[in-house]
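Read the structure below first, then the notes.
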Amino acid sequence: NICFFLANSRHIVKKCIHKPTNTTMAIKYLIIPQSRVQDDQILIRLKAMRREIDNLYMLRSWPNIVDFYGLCIYEGQALLCMQLMDLSLKELYILVHNEKGKDENFPEELVICVFVKIVDALLFCKDRGIMHRDIKPTNVLVNNTGEIKLCDFGESRILEDGAATSFAGTIA
């Protein structure tokens, strides 16, 4: 039962119900790159996909990082099964401004709460030697129970001697 999907140039996320457990979850579809010839770009994309899956698995138990339920391979795609959240911080920001008017500031208490939760998630990542590298409002998710969680570890990297060795993420 697919209710919605979010698509960009790299992946699609769909809301689905796991029928045996009646669990609603988000499924991120990643196309597994394939070629008959050895291609450096395909190897880079495969390594990035593997890194995202490994990092989600390593970080799955932290309350401020989106829950990772598992992985399936289906018709040439990796399906990452994760906790379904209600909206991104960007969408929440738009909702608040539409409700209160564009001249009103985003509530300071909410900003502080988001900041604390995301810093907590980033510290947990750092303790595991992982750097997220793409913090932005669309990668911070909230739900109607007040949870605030970090998601999308597609650009994340394992830190080498505690430092980053390259630039990545969203330029803006």
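Within the range 35-92, how many residues turn out to be surrounded by fewer than 17 Cβ atoms within 10 Å (Cβ to Cβ) and polar (S, T, N, Q)? So the answer is 5. When F153 is tested against (1) under 25 Å from I44 (Cβ atoms); (2) loosely packed, with under 15 Cβ neighbours inside 10 Å, only condition (2) is not met.
Kindly indicate whether any position in the range 102-114 is aliphatic (A, V, I, L, M), in contact with a helix residue (DSSP H, G or I) (Cβ under 9 Å, 6 or more places away or on another chain), open to solvent by 40 Å² or more (accessible area, probe 1.4 Å) and at pLDDT 90 or above. No, the range 102-114 contains no residue that is aliphatic (A, V, I, L, M), in contact with a helix residue (DSSP H, G or I) (Cβ under 9 Å, 6 or more places away or on another chain), open to solvent by 40 Å² or more (accessible area, probe 1.4 Å) and at pLDDT 90 or above.
Got a sec? Which strands (runs of 3 or more DSSP E) wholly within the range 22-110 have at least 2 residues that are farther than 23 Å from N144 by Cα and in contact (Cβ under 8 Å) with a residue 40 or more places away in the chain?
Numbers: elements: 23-31, 68-74, 77-83.
Passing ranges, in order: 23-31, 77-83.
Can you tell me which residue among K19, K28 is open to solvent by less than 100 Å² (accessible area, probe 1.4 Å), among the basic types (K, R) and modelled with pLDDT of 85 or more? Spell out the reasoning first.
Values: K19 fails: open to solvent by less than 100 Å² (accessible area, probe 1.4 Å).
Selected residue: K28, the only one of K19, K28 that is open to solvent by less than 100 Å² (accessible area, probe 1.4 Å), among the basic types (K, R) and modelled with pLDDT of 85 or more.
Would the range 133-153 turn up any residue that is free of Cβ contacts under 8 Å to residues at least 24 places away in the same chain and assigned to a helix (DSSP H, G or I)? No, because not a single residue in the range 133-153 is free of Cβ contacts under 8 Å to residues at least 24 places away in the same chain and assigned to a helix (DSSP H, G or I). Checked against (1) more than 14 Å from W62 (Cα to Cα); (2) modelled with pLDDT of 90 or more, R157 passes all but condition (2).
The values are calculated or read from the model by the stated rules, or taken from the named source; none is laboratory data. It should be emphasised that the depicted structure is a prediction, and the values quoted were computed from it without experimental measurement. Positions of Cβ are backbone-derived with ideal geometry, glycine not excepted, and every protein chain shown enters the neighbour counts. Quick note on the areas: whole protein, heavy atoms, side chains included, nothing else; ligands and nucleic acids left out. Shrake-Rupley method; radii C 1.70, N 1.55, O 1.52, S 1.80 Å.
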